[in-house]
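Heads up: the structure comes next, in structure tokens.
Values in this text are rule-based calculations from the coordinates and carry no lab data. This is a predicted model, so every value here is computed, not measured. Please note: Cβ atoms are built from the backbone with ideal geometry, for glycine as well, and neighbour counts cover all protein chains shown.
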Amino acid sequence: MLLIGLAMERGLIRHFYKRTHAEQILVTFGLAIVIQEIIKANFGANPIPTSAPDIVAGSANIGTFLGLGDAIVYPWWRLIYLTFSLMILGGVFAFLQFTTFGMVVRAGMHDRDMVNLLGINVERRFTIVFGLAAVVAGLAGVMYAPILPPDYHIGMDFLVLSFVVVVVGGMGSLGGAVAAGFLLGILQSFASMNEIKSLFPGIDQIIIYLVAVVILLVRPRGLMGRKGVMED
Amino acid sequence: MSVEDTVLHIADVHKSFGGLHALSDIDLSVQKGTTHAIIGPNGAGKSTLLNVCIGRLIPDRGAVVFDGKELTGKSPHEINQAGVARVFQTPEIFTDLTVMDNVIVPILSKKDGSYKFNPMQNLAHRKDARDQAMELIEDVGLHPDDHAGSLSRGDKRRLELAMCLSQHPKLLLLDEPTAGMSRHDTNSTIELLKKIKERGMTKVVIEHDMHVVFSLADKISVLAEGKIIAEGTPEEVKANPVVQEAYLGG
Amino acid sequence: MKQPKINRRDVLKGGAALGLAGAAPMFFTRNAYAASYLNDPGNAATVTLGFNVPQTGAYADEGADELRAYELAVQHINGEGDGGMLNTMQPSALKGNGILGKKVEYVTGDTQTKSDAARASAKRMIEKDGAVMITGGSSSGVAIAVQGLCQEAGVIFMAGLTHSNDTTGKDKRRNGFRHFFNGYMSGQALGPVLEKAYGKERNAYHLTADYTWGWTQEASIKASTENIGWKTNNTVKTPVGAGDFSQYITPVLNSGADTLILNHYGKDMINSLTQAVQFGLRDKNVNGNDFVIVVPLYSRLMAQGAGENVKGIFGSTNWHWSLPDEGSQAFVKSFGQAYGFPPSQAAHTCYVQALLYADACERAGTFMPCEVVGALEGHKFDGMGNGPTEYRAEDHQCFKDVLVVKGKENPSSQFDVLEVVEVTPRAQVEYAPDNEFFAGGDLGPCNNGSA
Amino acid sequence: MNIMKSEIGMMVVFTIVILTMPLWLAPIGAGYPDLLQKFAIFGLFAIGYNILFGLTGYLSFGHAAFLGIGSYAAVWSFKLLTMNVLPAILFGVVCSGIFAFCIGYVSLRRSGIYFSILTLAFAQMSYNLAYSVLTPITNGETGLQLTINDPRILDAAVTSATGLPSTTLFGLSMSGYSGFYFCAVVLIIGFFIALRISRSPFGLVLKGIKSNQTRMKYTGFNTRPYMITAFVISGMYAGLAGSLMAVTDPLAGAERMQWTASGEVVLMTILGGAGTLVGPVLGAGLIKYFENIFSAFNDKSLHELFSFLPEILENGVVAIIRPFVGEGWHLMLGLLFMLIIIFLPGGVMKGIDRIKTKFGSKSEKPAEQSE
């Protein structure tokens, strides 16, 4: 995953830093179609069942653990997934926040030329960040496979949603993305309840987008967006 | 001078960012037909003052009165429609358009600015606008068919000046109009600005270049740390010891 | 940039030129010779059929399997290969020399599982390639959209995989025919089997894909399970393509229900089933009953996608390659020889539809759609893998036995994931044409199209 | 004087090229009514989209919503009023215009990526609702179709032989070639309007907004109403295209509103050349051609195509091409897409301009982007 990410950045994406955002989006979209079709040609279009290791199969009886009877159960794998994502999140956050490397990258986001003038090779660091992003996304995919059997089209299903979450969270803000993810996920779950659906028919279908609209109108740069990122 | 001659009156304006007082208790009057220069060291609040005048920033306190009307709280396009035009420090022009179109847009603004839907009118037939634009473009020495984006920095400034002049503003605000220009270009710009003065246009100029300031200004206000520390004719200001200490000497 | 002046007269002149230019190519729009119906092959040596299947999108694998079946059917009709079901079909007017002596040619297209794309593709086949019959598809929305198009254009439509009641219910058309079974039949077939396996005292919770097919299936299954005494605890609609169903599954745990019915198909079915099993639903015991899950419509390809999780889960299917009858065996054999693995139910229904169309043309003695419709309406046949079958004249739905299947506990290969539990006889799944689930439609007159 | 620079010259050339499409597209397999109709309809859609994106630079990811609304409105007009296409088109354009005003009014409070996300969110909401909850109006996944029993209060009770009446323009059937010519005439009118807009003071204001919105504001322009107008106009174009889809094929489906459909028009515009007049039409044609022709190849038709080659060569060529056509046409599209963005930023029109300046007459300046 790291290698694919690095290769992609070196071969293609870096030539697009100077182009418009629209072109950046479009060229990666084109690449996504190509990769997707290659996967289809090799693995077929049908989902591939992937089971979690046997040792963590089944579900945990959280209710008993909390002393609430056996009413609340949750699959072990999802608990592992949750723990794992929190660890990755912490790692990425620490990396960007507390290392010099992260500091340079954040500075480069605001003003690439300035950082370059300081004699720091921003390009190389962006390559590494891109690779890192690919690794994190890849890990998410691997860990998610037992919950959602992967097929060649799975990327597209997540594309729009992740796009919305990042923008709603605030571009360039890790905390914002996490907060937006939680917020939208929880609201979606509430909206899926029959009691709420009977009050507002179809609310479960649109809640995410509705909340996205409201947030962007109230907070122009998303939940935790900072000035100067992706604004030209 | 009487109050009627005052075109722009900045009354008791105060603006702070966080804890920083960018402007405090600014009181300033600009007389009709004069060129009023504002000088001061970097960070003195000169650009902030201009931004308050054109509606980019809203003052925390005080008012900007132009031509008897209060501008505070009005949106930028309303302020421009009232007759205030501004030349920016880094030229704000339409880099994707030709020089001709760059000048035509502000000419259209008088009629179309607040909104006019005329999608079927052919621009090529607006001869009045084209002639007017052509005259101005020749005045500043540019070519109408050139692409604005490919102009030199100096030419871009001249283009922006032409764009502002095409609106016949009652008040023209100039933010360092000669910064980054060669001595030759600076001189021709000074000539151009003097020519405008003869037409009776009121100007407020922010400038570092003392050569420019003393050859253009009728009156100078000196700004330091958000306050006006001195005001008067060029000679008076030159002689003022406070100014010499704060600015000229430092 | 200089521009000439334009005045009103110029505009008028331009308009006149435009009118003239518009009129000229109209001469090319009609064929010179007269024909009695659209795309009449006339004296040509070949006849063209259009195979419209999903080649991209979620159902691309099913589409690929359908296309394999069609290619096989064309070979068999043209007298190539081992003949497949041509040898077992009863009665058969096919001679193995094409249809009416004309060699069968075919064109293919991608429906993308989208109505617009499917209709565009079908229109190309009709307008450009001269297809006299369109067949295929792997979802009800597309089938209904293409069926409507074929009716308007005036060609025959032989539906592929489409399970919604509406295809031969409220959206039925005279030019369209469906061999595949439907949601109501699934419900009728499953009811008795579920009663036998799980008893009369059950409390069912439905999760239903929130669109037309899901609703008709939910209604059908609900009716038949309530008929055997089951209570319906709740019915919850889930958005199509939800991906994560956890927020729908958690409420099931505390609802008091002991049976979960997943009215999902395709990816939704794979995901909801996988996740329901992970939440430990099947390990639970509610009201003294072991918790069970039912997936009313099975597809072998999708069952493969769900892997281990389908074991022991009941559902229904139109056909399965393990059926021992002569017709099924002949088809599985020639399909296996050509491609190296057994065919899916989608492949089967498409293959059969192609053969049935060819046979109807032979019997009608023409490709003229209205004559072919006449030959298919009320046609009874056997030896095609489903036992004695009838194309009912009133709604163009095939009536035949329905298979109830169960996920196999010990699969011998990746294709061997389902076992047939019961073959529900036709009488048990049959319904009156004006049944409440199918009412509201009208076949209308047939359409030969304008040549 | 360059013929392409003059308005009349441009219109005459465009009109001739469009109306003779059945002739010159036939040799490459695209000369049949349905695809020709699609060329015209999506050309119109892309022209309209370009008025927003090409002139003002605002990237909307939700324009398919207006296409869908136009379709639904037109089909309802067929069901309730009459099979005549004019009320349907009017109804479609008006409905999408109203809708565009509402969405634009809210979305245009933000710019850049935030504007894109807002439009995307609105379009996805429309799609999800149309697919499920609004089924009584939209007929959900199946799509809204005509039925024999529709009231059609303005039509006398005529039942046609096929069971379903077909859409007409005062008796002229709107399927087949006559449908194409109708769409083509609408396309030409739409093109003319877009041409005039781009050369009008209004158009110049929009270009000014794209180039430097700050300067526009400090030059006395209230940019918001201009933006909203551009948004509504392009929404109406989309509605017009949507109603024409219903005219040539009376069906409206929810998937017309999905984000992939919105993405498609972005691709068309950028592929052809955003901001150019002809580019979007070209891009629309290119993508529709790929979708309909390249996806239709199979082993058999490929072998037939290359049967003039010796057998070994034939098999070789087919083996190389096979993965890119038929079920692999998406691969081809993705590759083409990347190649154009990488090597021809600015789209096909820009590429043509480059070739022109390289080989063409020296006196000719590279065509401006604004054209």
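What is the spin-label model distance, in nm, from residue C:287 to residue C:412 if the labels are put 7 Å beyond Cα along the C-beta direction?
With each label point 7 Å from Cα toward Cβ, the separation is 4.0 nm.
Quick one: length gained pulling residue D:301 to residue D:86 fully straight, 0.36 nm per residue minus the C-alpha distance?
Value of the extension gain: 73.3 nm.
Let me know the mean shielding of D:132-140 by other chains, meaning the per-residue number of their Cβ atoms within 10 Å of its Cβ.
The mean count of partner-chain Cβ atoms within 10 Å per residue comes to 5.
Order by neighbour count: A:103, B:163, A:224, C:368, fewest other Cβ atoms within 10 Å first, most last.
Going from sparsest to densest Cβ surroundings: A:103, A:224, C:368, B:163.
In Å, what Kirkwood hydrodynamic radius results for region D:201-302 from the alpha-carbon pair distances?
Kirkwood hydrodynamic radius for region D:201-302: 16.4 Å.
Using R₀ = 45 Å, calculate the FRET efficiency as 1/(1 + (r/R₀)^6) where r is the Cβ-Cβ separation of residue D:354 and residue B:194; round to 0.05.
In this case the efficiency is close to 0.50.
Taking only the alpha-carbon positions of region C:184-317 and ignoring solvent, what does the Debye formula give for the base-10 log of I(q)/I(0) at q = 0.17, 0.18 Å⁻¹?
Here the Debye-derived log intensity ratios amount to -0.82, -0.94.
When C:431, C:391, D:181 are ordered from fewest to most other Cβ atoms inside 10 Å of their Cβ, what list results?
Going from sparsest to densest Cβ surroundings: C:431, C:391, D:181.
Can you tell me the relative contact order of region C:184-317? Whole percent, Cα pairs under 8 Å, sequence separation 6 or more.
The normalised contact order for region C:184-317 reaches 26 percent.
Under a plain spin-label model, where a point goes 7 Å from the Cα along Cα-to-Cβ, how far apart in nm are residue D:339 and residue C:45?
3.7 nm
If you take each beta carbon of peptide D:328-336 and count the beta carbons of other chains within 10 angstrom, what is the mean?
Other-chain Cβ atoms within 10 Å of each residue's Cβ, averaged: 6.
Would you please give the FRET efficiency between residue C:234 and residue B:152, computed as 1/(1 + (r/R0)^6) with r the Cβ-Cβ distance and R0 = 56 Å, to the nearest 0.05?
0.15
What value, in deg cm²/dmol to 500, does the helix sum -39500 (n - 2.57) over DSSP H runs of n ≥ 4 give at 222 nm once divided by the residues of chain B?
Only helices count here, giving -10000 deg cm²/dmol.
Take every residue in peptide B:161-172, count the Cβ atoms of other chains within 10 Å of its Cβ, and give the average of those counts.
Counting Cβ atoms of other protein chains within 10 Å of each residue's Cβ and averaging gives 1.
Take the Cβ-Cβ distance between residue B:208 and residue B:239 as r, set R0 to 22 Å, and report the resulting FRET efficiency rounded to the nearest 0.05.
The calculated FRET efficiency here is 0.65.
For a quick protection proxy, order the peptides D:282-289, A:44-51, C:411-418 by their average other-Cβ count within 10 Å, most packed first.
Per-residue Cβ counts within 10 Å, averaged per peptide and sorted highest first, yield D:282-289, A:44-51, C:411-418.
For chain B, how big is Rg over Rh, using alpha carbon atoms and the Kirkwood form of Rh?
0.98
How big is D, in µm² s⁻¹, for the protein assembly as shown by Stokes-Einstein at 4 °C and 1.567 mPa s if Rh is the Kirkwood radius over C-alpha pairs?
The Stokes-Einstein estimate is 38 µm²/s.
Taking square-rooted eigenvalues a ≥ b ≥ c of the alpha carbon gyration tensor, is region D:121-250 rounded, prolate or oblate, where a/c under 1.5 means rounded and, failing that, a/b exceeding b/c means prolate?
oblate
What percent do you get for the relative contact order of chain B when only Cα pairs under 8 Å and 6+ apart count?
Relative contact order, chain B: 27 percent.
Defining a contact as two alpha carbons under 8 Å apart and six or more residues distant in sequence, what relative contact order in percent does chain D show?
28 percent.
Can you give the net charge of the other residues whose Cβ lies under 9 Å from the Cβ of residue D:218, counting K and R as +1 and D and E as -1?
Local charge sum for residue D:218: +3.
Hey, any idea what the orientation-averaged projected area of the convex hull of region A:153-232's Cα atoms comes to, in nm²?
Over all viewing directions, region A:153-232 projects a mean Cα-hull area of 6.1 nm².
Grab the DSSP H runs of chain A that are 4 residues or longer, score each as -39,500 (n - 2.57), total them, divide by all residues and round the 222 nm result to the nearest 500 deg cm²/dmol.
Theoretical 222 nm ellipticity from helices: -21500 deg cm²/dmol.
Taking a point 7 angstrom from the Cα of residue D:98 along the C-beta vector, which residues in region D:130-147 have backbone N less than 11 Å away?
Zone members listed by number: none at all.
Would you mind ranking B:201, C:133 by Cβ crowding within 10 Å, fewest neighbours first?
Neighbour counts put them in this order, fewest first: B:201, C:133.
Could the peptides C:42-55, B:148-161, A:108-121 be put in order, highest first, of the mean number of other beta-carbon atoms found within 10 Å of their residues?
C:42-55, B:148-161, A:108-121
Could you give the spread of the C-alpha atoms of region C:315-409 along their three principal axes, from largest to smallest, in whole angstroms?
48, 29, 19
Assuming 0.36 nm per residue, please report the length gained on full extension of the stretch residue A:121 to residue A:51 beyond their Cα-Cα distance.
20.9 nm
Considering all alpha-carbon pairs of region D:2-259, what whole percent are spaced by more than 21 angstrom?
For region D:2-259, the share of Cα pairs beyond 21 Å comes to 61 percent.
Just tell me the longest site-free run in chain C, where the sites are trypsin sites (Lys or Arg not before Pro) in a DSSP loop having at most 14 other beta-carbon atoms within 10 Å.
So the longest stretch without any such site is C:201-451.
Restricting to DSSP H runs of at least four residues, report the calculated mean residue ellipticity at 222 nm for chain D, -39500 (n - 2.57) per run over all residues, nearest 500 deg cm²/dmol.
Computed ellipticity for chain D at 222 nm equals -21500 deg cm²/dmol.
Once both labels are modelled 7 Å past Cα along the beta-carbon direction, what's the residue B:27-residue D:13 spacing in nm?
6.8 nm
Could you work out the per residue convex hull volume over the alpha carbons of chain C, in cubic angstrom?
Dividing the Cα hull volume of chain C by its residues yields 190 Å³.
Which residues does the label zone of residue A:94 cover in region A:120-134, counting backbone N under 12 Å from a point 7 Å along Cα→Cβ?
No residues fall inside that zone.
Here are some pairs, C:103/C:128; C:284/C:408; A:40/D:300; C:128/C:333; which of them have Cα atoms lying more than 28 Å apart in this structure?
Going by Cα-Cα distance, C:128/C:333 fall outside the 28 Å limit.
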